[in-house]
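S.K.: Dropping a structure here in structure tokens format, bear with me for questions.
Every number here is computed from the coordinates shown, using simple stated rules; none is lab data. Small disclaimer: the values here were computed from a predicted structure and weren't measured. Please note: Cβ atoms are built from the backbone with ideal geometry, for glycine as well, and neighbour counts cover all protein chains shown.
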Amino acid sequence: MKASDLLVKALENEGVEYIFAVPGEENLDLLNSLKDSSIRLIVTRHEQGAGFMAATLGRITEKTGVCLATLGPGATNLVTPAAFARLGAMPMLMITGQKPIKSSKQGRFQILDVVDLMQPVTRFTRQIVNGNTIAPLVREAFRLSMEERPASVHLELPEDIAREDCDDTVFEVVGHRMPAANDKSLAEAVAMIEAAKSPLVLIGAGANRKRVCSALTDFVDATGIPFFTTQMGKGVIDERHPLYLGTAALSANDFIHCAIDHSDLVINVGHDVVEKPPFIMEHGGKKVIHINFCPAEVDAVYFPQLNVVGDIALSLKNLGQQIRKQDHWDLSYFEAMKKEVDTHLSRYFEDDRFPMLPQRLVNLLRSKLDDGAILSLDNGIYKVWFARNYKCYKPNTMLLDNALASMGAGLPSAIAAKIARPDSQVVAICGDGGFMMNSQELETAVRLELDLVVIVLNDNAFGMIKWKQEGMGFDDYGLDYSNPKFVDYARSYGANGYLATSDDHFQETLDHCLASPGVHLIELPVDYSLNHRILNVLLKEKACQV
């Protein structure tokens, strides 16, 4: 069998349905082998878009997403998505081409050591040097990509290896169950929780990956312990739950940090060290229980007193059955704080000034979208407002990157979300800066005939950095730019384009777009004038006065 045919067969064996790709000359044998495959090839307009799509597909489906690029610049354009998937714990396989390795008459043209290049940003990277190694390498790559924590992996297929003859062999896909936590650690956790005065549950990214929502909801219901989330832990429990306190969207000085300070025990479920620390542990201060698939990575700000290591859902089920509510638990502060938080977050929900406040946009979207609608956020200051103010009702319904925090991922991730969940509403929220980094993928969305809404928040600047600049007392300098006419730009790709001119007009336009097929781009002028006063000044002064 031809080696490129075997690679496709091995991918089919792993259940691959899509490959996102910008093919090159060195991929042509593989491209030809894909022609009659059950795998759907989706050509994108940039390798970065292909990588973001593959990673996000992996995140949503919990199956390894696959992308394809050529050698040299094609491969280097995948480095950012590789890091995006590695830090964000998304299973993704990258396949890149290479010049012939047995003999070549092109010298060093376009040749980089891509395997070495990928080493720091993947869990596994190999060059295929013999067609007969394809089956074990593909199986091992998929296995490692799906290990907890999931990650990016990479295989390089040189031209001459792609066309050589090899054995027709694929390896059986064998799954495994995560081990259960041992009885001693569970007993210690029960004792610590029951002895605490004001316990608090923190839900991190790891809990969002493995669909532990049912077990975690049962645990919170059984114990009555309030909970909060990190940005990437949003939606594991329906955030309409009466015990939901909020999301740690800022590094400090928010209401949720007051709750953390008041607590003497944090039950940290699914902690992922790549996220900004939602709290800083002080030696001799509060205690922390780490409940996760793997032991805690101890660093200067995180050194839990107890590790409960094993399948998270099973650990929570066992703990929920053993823990008894204690009369000495004092949760009254959390109840009072929740009322204060709800009042604070909703303060500008009905403010219809224009350009629009991000808080108002959050409220409008939450009121108009289905429970299972998916928001795909690019990176910008609006991400903080959405993380704090937008309530997620289901897991992975807010796709944001709080690990690599790369700009340019919002639109490609929304495309992948719509492919993975075609019956769900999908809305991409992009700043003008992040949108323009991969805006060409509008053509991909149009070509795929997706139903997709893209909202571009226009402030003609890098708004997140402006907020940081003001908070540090620096002059307003070096962060402004001009933009294209986004309406015309969208229409040039065959998408529908709209410019919102008032609060009412935006609502009418949004309703129309959500109800209509096709790709719709809404340019929304945004007002960030309250960012500094609320997030840097007011919260620091008022948050803990409960």
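S.K.: Considering only region 183-340, what is the antiparallel percent among its DSSP beta bridges, to the nearest 5?
M.R.: Just about 5 percent of them are antiparallel.
S.K.: Oh, and also: Rounded to the nearest 0.05, what FRET efficiency do residue 12 and residue 183 give with R0 = 25 Å and r taken as the Cβ-Cβ distance? Could you check?
M.R.: With a Förster radius of 25 Å, E is 0.05.
S.K.: Additional query: Can you list residues whose amide H is under 5 Å from residue 496's amide H, if they're 5+ apart or on another chain and H is modeled 1.01 Å from N?
M.R.: So residue 496 has HN proximity to 519, 520, 521.
S.K.: Among 339/466; 276/468; 466/540; 468/540, which pairs are too far apart, with a Cα-Cα distance over 21 Å?
M.R.: Those over the limit are 339/466.
S.K.: OK, next. Per the helix-only calculation at 222 nm, which mean residue ellipticity applies to the chain, given -39500 (n - 2.57) for every DSSP H run of n ≥ 4 and division by its residues, nearest 500 deg cm²/dmol?
M.R.: Computed ellipticity for the chain at 222 nm equals -10500 deg cm²/dmol.
S.K.: About the Cα centre of region 420-470, what is the dipole size in debye to 20, counting +1 per Lys and Arg Cβ and -1 per Asp and Glu Cβ, all else neutral?
M.R.: Here the size comes out at about 200 debye.
S.K.: Further question: With θ taken as phi - 60° and the coefficients 6.51, -1.76 and 1.60, list the Karplus ³J(HN,Hα) couplings across region 4-16 in order, rounded to whole Hz; mark glycine and proline as x.
M.R.: Working through the residues one at a time gives 5, 5, 5, 4, 5, 4, 5, 5, 4, 4, 7, x, 5 Hz.
S.K.: Share of antiparallel DSSP beta bridges in the chain, in percent to the nearest 5?
M.R.: Once the DSSP bridges in the chain are tallied, antiparallel ones form about 5 percent.
S.K.: Can you list residues from other chains, or at least 5 along the same chain, whose modelled amide H is less than 5 Å from the amide H of residue 20?
M.R.: Answer set, sorted by chain and number: 42, 66, 67, 68.
S.K.: Roughly what would the spin-label model give for residue 298 and residue 133, points 7 Å off Cα along C-beta, in nm?
M.R.: Output for this residue pair reads 3.8 nm.
S.K.: Ranked by Cβ crowding within 10 angstrom, fewest neighbours first, how are 272, 327, 165, 401 ordered?
M.R.: Exposure proxy ranking, most exposed first: 327, 165, 272, 401.
S.K.: Kirkwood hydrodynamic radius, region 420-504, all distinct C-alpha pairs: what's the number in Å?
M.R.: 14.7 Å
S.K.: Using the crude model of +1 on Lys and Arg Cβ and -1 on Asp and Glu Cβ, and no other charge, please compute the dipole size for the chain relative to its Cα centre, in debye to 20.
M.R.: So the dipole magnitude of the chain works out to roughly 560 debye.
S.K.: Another one. Please list 3J(HN,Hα) in residue order for region 443-451, calculated via the Karplus relation 6.51 cos²θ - 1.76 cosθ + 1.60 where θ = phi - 60°; whole Hz, with x for glycine and proline.
M.R.: 4, 4, 4, 5, 4, 7, 6, 7, 9
S.K.: Classify the chain: rounded, prolate or oblate, from the alpha-carbon gyration tensor (a ≥ b ≥ c, eigenvalue square roots; a/c under 1.5 rounded; otherwise prolate if a/b is larger than b/c)?
M.R.: Oblate, because a/c is 1.5 or more while a/b does not exceed b/c.
S.K.: Using the 4.7 Å Cβ rule, please list in number order the cysteines from the chain without any candidate partner.
M.R.: Lone cysteines by the Cβ rule: 67, 166, 213, 294, 392, 430, 513.
S.K.: Taking 0.36 nm per residue of sequence separation and subtracting the Cα-Cα distance, how much length would be gained by fully extending the chain between residue 160 and residue 534, in nm to one decimal?
M.R.: Full extension of this stretch gives 128.6 nm more.
S.K.: Something else now. What percent does the relative contact order of region 170-292 come to when contacts are Cα pairs within less than 8 Å and at least six residues apart?
M.R.: In percent, rounded to a whole number, it is 28.
S.K.: Is the shape of region 183-340 rounded, prolate or oblate, going by the alpha carbon gyration tensor and its root eigenvalues a ≥ b ≥ c, with a/c under 1.5 for rounded and a/b larger than b/c for prolate?
M.R.: rounded
S.K.: Explain nothing, just the number: relative contact order of region 234-348, from Cα pairs under 8 Å at least 6 residues apart, as a whole percent.
M.R.: 22 percent
S.K.: Can I ask one more? Counting other Cβ atoms within 10 Å of each Cβ, which GluC sites (Glu not before Pro) in region 159-203 have at most 13 and sit in a DSSP loop?
M.R.: 172
S.K.: How high is the relative contact order of the chain, given as a whole-number percent (alpha carbon pairs under 8 Å, six or more residues apart)?
M.R.: Computed value for the chain: 13 percent relative contact order.
S.K.: Treating the angle as unsigned and between 0 and 90°, give the value, to the nearest 10°, between the Cα long axis of helix 410-420 and the longest Cα principal axis of the chain.
M.R.: Between the helix axis and the principal axis of the chain, the angle is about 80 degrees.
S.K.: I've got another one for you. Ranked by Cβ crowding within 10 angstrom, fewest neighbours first, how are 126, 177, 360 ordered?
M.R.: In increasing order of surrounding Cβ atoms, one gets 177, 126, 360.
S.K.: Please report 504, 264 as a ranked list, fewest other C-beta atoms within 10 angstrom at the top and most at the bottom.
M.R.: 504, 264
S.K.: Residue by residue through region 320-333, which ³J(HN,Hα) values in whole Hz follow from phi under the Karplus form 6.51 cos²θ - 1.76 cosθ + 1.60 (θ = phi - 60°), with glycine and proline marked x?
M.R.: My calculation for region 320-333 gives x, 6, 9, 6, 10, 4, 10, 5, 7, 4, 10, 10, 5, 4 Hz in order.
S.K.: Hey, another quick one. Could you point to the residue in 82, 112, 265 farthest towards the positive end of the chain's charge dipole, with +1 and -1 charges on the Cβ of Lys/Arg and Asp/Glu respectively?
M.R.: My answer, from the dipole projection, is 265.
S.K.: Set the Förster radius R0 to 22 Å, insert the Cβ-Cβ distance between residue 449 and residue 485 as r into 1/(1 + (r/R0)^6), and round the FRET efficiency to 0.05.
M.R.: 0.35
S.K.: Please work out whether region 292-344 counts as rounded, prolate or oblate from its C-alpha gyration tensor, where a ≥ b ≥ c are the square roots of the eigenvalues and a/c under 1.5 means rounded, while otherwise a/b larger than b/c means prolate and anything else oblate?
M.R.: Here region 292-344 falls in the oblate category.
S.K.: Could you pull out every one of the lysines with an alpha carbon less than 20 Å from that of residue 99, ignoring same-chain neighbours closer than 8 positions?
M.R.: Filter leaves 2.
S.K.: Let me ask something additional. Figure the gain on full extension for residue 321 and residue 167 (residue separation times 0.36 nm, minus the Cα-Cα span) and round it to one decimal in nm.
M.R.: 50.2 nm
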